[in-house]
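One structure is given here, and the rest of the page talks about it.
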Amino acid sequence: KKPSEEVFNTVKELVDESNELRTKFSFGGTGRLFHKKLMELIDLATDQLDETSVNHITGLISMADWLKLYIDKTTLENKAFLTYQHFKEKPKGPLKSLLPMFDWLNFERPDGL
């Protein structure tokens with residue numbers, strides 16, 4: 001299922017409005033929930049080369065950034081690193097669909113991409 005652009009944009013608008021009003025968010029364990037979901041999505045995206053999962057990953061990452069949630073990227077990087085190494089061997093192969101995820105994880109892009 002494709003992420004809803006309408007929901008995504010509504011969240012962005014609410015965060016922008018809250019920032020303008022200088023409202024402070026209190027989310028408790030929300031960062032941990034985002035991290036858990038991202039780990040699951042990375043598994044799905046790397047196992048099945050699921051582009052929809054990559055869209056969900058980048059959407060969750062954007063929302064976490066907007067909400068200023070702390071997400072431990074090191075564990076996410078470790079989770080995706082083996083797949084990234086395979087991607088580097090054949091950067092124009094099927095793993096290319098994971099490029100947005102690799103970009104967010106700050107993995108180096110191969111030349112020409």
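Can you run down the residue pairs with Cβ atoms below 6 Å, 6 or more apart or on separate chains, where the first is in the range 1-12 and under 11 Å from GLY59 (Cα atoms) and modelled with pLDDT of 70 or more and the partner is in a helix (DSSP H, G or I) and of a type outside the set (Phe, Trp, Tyr)?
PHE8/GLY59; VAL11/MET63
Please determine, by comparing only the residues of the range 29-64 that are aliphatic (A, V, I, L, M) and touching a residue at least 40 places away in the same chain (Cβ under 8 Å), which one is nearest to ASN9 (Cα to Cα). Step through it out loud before you land on a result.
Residues of the range 29-64 that are aliphatic (A, V, I, L, M), as a first pass: 33, 38-39, 41-42, 44-45, 49, 54, 57, 60-61, 63-64.
Going one step further and asking which of them are touching a residue at least 40 places away in the same chain (Cβ under 8 Å), we end up with 39, 42, 45, 49, 54, 57, 61, 63.
Values: MET39: 24, ILE42: 23, ALA45: 23, LEU49: 26, VAL54: 18, ILE57: 16, ILE61: 14, MET63: 10 Å.
Out of the qualifying residues, it is MET63.
Which condition breaks for ALA64 when tested against (1) modelled with pLDDT of 80 or more; (2) assigned to a helix (DSSP H, G or I)?
It fails just one condition, (1).
Among the residues of the range 75-87, is any part of a loop (DSSP other than H, G, I, E, B), out of contact with any Leu (no Cβ under 8 Å at 6 or more places or on another chain), surrounded by fewer than 15 Cβ atoms within 10 Å (Cβ to Cβ) and not aliphatic (A, V, I, L, M)?
no
Any residue that is in a helix (DSSP H, G or I), among the aromatic types (Phe, Trp, Tyr) and surrounded by fewer than 16 Cβ atoms within 10 Å (Cβ to Cβ) - is there at least one of those in the range 29-49? So that I can check it myself, show each step before the final result.
First, the residues of the range 29-49 that are in a helix (DSSP H, G or I): 30-48.
When the remaining residues are screened for being among the aromatic types (Phe, Trp, Tyr), the result is 34.
If we keep only those that are surrounded by fewer than 16 Cβ atoms within 10 Å (Cβ to Cβ) as well, we get none.
No, the range 29-49 contains no residue that is in a helix (DSSP H, G or I), among the aromatic types (Phe, Trp, Tyr) and surrounded by fewer than 16 Cβ atoms within 10 Å (Cβ to Cβ).
Of all residues in the range 97-113, which are surrounded by 13 or more Cβ atoms within 10 Å (Cβ to Cβ) and either touching a helix residue (DSSP H, G or I) at 6+ places or on another chain (Cβ under 7 Å) or of a type in the set (A, V, I, L, M, F, W, C) (or both)?
Pass one, the range 97-113, residues surrounded by 13 or more Cβ atoms within 10 Å (Cβ to Cβ): 97-105, 107, 110.
Answer for the range 97-113, where residues must be surrounded by 13 or more Cβ atoms within 10 Å (Cβ to Cβ) and either touching a helix residue (DSSP H, G or I) at 6+ places or on another chain (Cβ under 7 Å) or of a type in the set (A, V, I, L, M, F, W, C) (or both): SER97, LEU98, LEU99, PRO100, MET101, PHE102, TRP104, LEU105, PHE107, PRO110.
In the range 80-106, how many residues are more than 18 Å from ASN55 (Cβ to Cβ) and within 13 Å of the chain's Cα centre (by Cα)?
Quick first cut of the range 80-106, residues more than 18 Å from ASN55 (Cβ to Cβ) only: 81-82, 84-86, 88-93, 106.
Imposing the further condition that a residue be within 13 Å of the chain's Cα centre (by Cα) reduces the set to 106.
Residues meeting the conditions: 1.
Go through the range 75-109 and report how many residues are of a type in the set (Phe, Trp, Tyr), under 13 Å from ILE42 (Cα atoms) and without any contact (Cβ under 8 Å) to a residue 40 or more places away in the chain. Walk me through how you get there before you give the answer.
Looking only at the range 75-109, we keep the residues that are of a type in the set (Phe, Trp, Tyr), and these are 81, 84, 87, 102, 104, 107.
Remaining after also requiring under 13 Å from ILE42 (Cα atoms): 81, 84, 102, 104.
If we keep only those that are without any contact (Cβ under 8 Å) to a residue 40 or more places away in the chain too, we end up with 81, 84, 102.
Total satisfying the criteria: 3.
The values are calculated or read from the model by the stated rules, or taken from the named source; none is laboratory data. In this text, all values refer to a predicted model and were calculated from it rather than measured experimentally. Virtual Cβ from ideal backbone geometry, glycine too; neighbours counted across all protein chains shown.
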